[in-house]
1. Near Lys77, which aspartates and glutamates are there with a Cα under 15 Å away, not counting those fewer than 8 places off in the same chain?
2. Which whole-number percent gives the relative contact order of the stretch 22-84, counting Cα pairs below 8 Å spaced six or more residues apart?
3. Between Asn125 and Ile52, what's the calculated FRET efficiency when r is the beta-carbon distance and R0 is 22 Å? Round to 0.05.
4. Considering only protein heavy atoms and a 1.4 Å probe, what is the carbon-and-sulfur percentage of the accessible area of the stretch 68-115?
5. All other residues with a Cβ under 11 Å from the Cβ of Ala85 taken together, and with Lys, Arg as +1 and Asp, Glu as -1, what is their net charge?
6. Keeping every protein chain present and rolling a 1.4 Å probe, give me the accessible area per residue for the stretch 57-111 in Å².
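The values are calculated or read from the model by the stated rules, or taken from the named source; none is laboratory data. Worth saying up front: this structure is predicted, and the values here are computed from it rather than measured. We place every Cβ from the backbone using ideal geometry, glycine too, and count neighbours over all the protein chains shown. Protein only, heavy atoms only, side chains kept; ligands, DNA and RNA dropped before computing areas. Shrake-Rupley method; radii C 1.70, N 1.55, O 1.52, S 1.80 Å.
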Amino acid sequence: MLKKVLSLVAILSVTGCASQSHVVVGTVRAPIAIEQVKIYLVPPKKFEQVAILDASSRGSFAFTDQQKMDTAILGLKTQAAKLGANGILLQSAGDQSAGAVTTGFGSSTVSGHNAFGTGFGVASNVFFKSATGTAIYVTEE
């Protein structure tokens, strides 16, 4: 029981409020455990399509690129498991821009008839990871 609680806490801490969506295109089955969902880069021999999936790390508490990608993949697996799909045919995974964070400051000095001003600014892009795939039910490998 303790192991299940710790697993749930770990999943929630990684996923946070990550973004997920799906479109059902096949037969939905009874939900299965997330651990039973496999990722496929090459289609297995025999499978049925269940849904088109999309997930990202946007809004999650993940900081490193690996944590962000793990969050997006976990989002795909979570959706697939809820739909009873035992596999995901991964279609894409990568970076998406969420905008930029900027800061700056300026200073000026006036003396008599002379004025001098200076400024400095910094901008940094913010990225999150996203992944798309097809939830599949593998009948034979």
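1. Output for Lys77: Glu35, Asp54.
2. Dividing the mean separation by the residue count of the stretch 22-84 yields 50 percent.
3. 0.20
4. On the way: 1310 of 2650 Å².
About 49 percent, which is the carbon plus sulfur part of the accessible surface.
5. Within the 11 Å Cβ shell, the charges total +3.
6. 56
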